[in-house]
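Taking it in order: structure first as structure tokens, then the write-up.
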Amino acid sequence: MTAHAKADAKIGVDAPASAPDSDRLDGRRRRSLDSRARIVAAMLELTRETSLPPSAEQVAQRAGVGLRSVFRHFRDMDSLYGEIQRPFEAELRARAQRPFKGETWQDRVVELIGRRSAAFDTVAPYRHAADAMRPTSVYLQAQHSTLTTALRTILRAVIPKGAVDAPTFEALDLLLGFEAWSRLRGDQGLTPRQARNALETAVRALIGPR
């Protein structure tokens, strides 16, 4: 061993041979992160295009990875389908955090219609796909329950205590939910503006004028 090598050993300097090992680890880590990103992107793209939950095989083909790679990055399809729910939750959460402009609580309830309608239209494909998988997915069932509770909580915070009775609150919760919006936009074929007008008419009939 040369004098320089002995000195390096004494002060704990890594041998030059360790650098390639570190580079290989970094390369594998980068490839793993890239594969995961492509899998998630493929999942969201396919869902947006079809409003249906894609299979693992479809995700692998779109992402350009092997089927094993899909399951290597996600414990099972439940965790992968969880990616469908994220845009829906993020969109609603972002809109819920904005301060209200309405002067009365009735105005603020109507304002909720506009906020939620825009979010529902944006994330409808993801929500439809998640709904299709929910009966067989414990994860999506739990996420749906959490989101439903959050939306009800927001509505309760807007309406002053005692302003409406229990049946009226439940009717409002229904009208301001995704299901009502989806029915108006899909089954009834209304435009976003027409759907909002229909909901505002129904809500105003329940809560009265400002």
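Please list, in order along the range 167-174, the HN-Hα scalar couplings obtained from phi with the Karplus expression 6.51 cos²θ - 1.76 cosθ + 1.60 (θ = phi - 60°), rounded to whole Hz, x for Gly and Pro.
x, 5, 4, 5, 5, 5, 4, 5
Determine, for each peptide in 50-59, 150-159, the mean count of other beta carbons within 10 angstrom over its residues, then list the peptides with the highest first.
Peptide ranking by packing, descending: 50-59, 150-159.
Every number in this text was worked out from the coordinates using simple rules, so none of it is lab data. Only a predicted model underlies this, so the values are computations on that prediction, with no experimental measurement involved. So basically every Cβ, Gly included, is an ideal-geometry build from the backbone, and we count neighbours across all protein chains shown.
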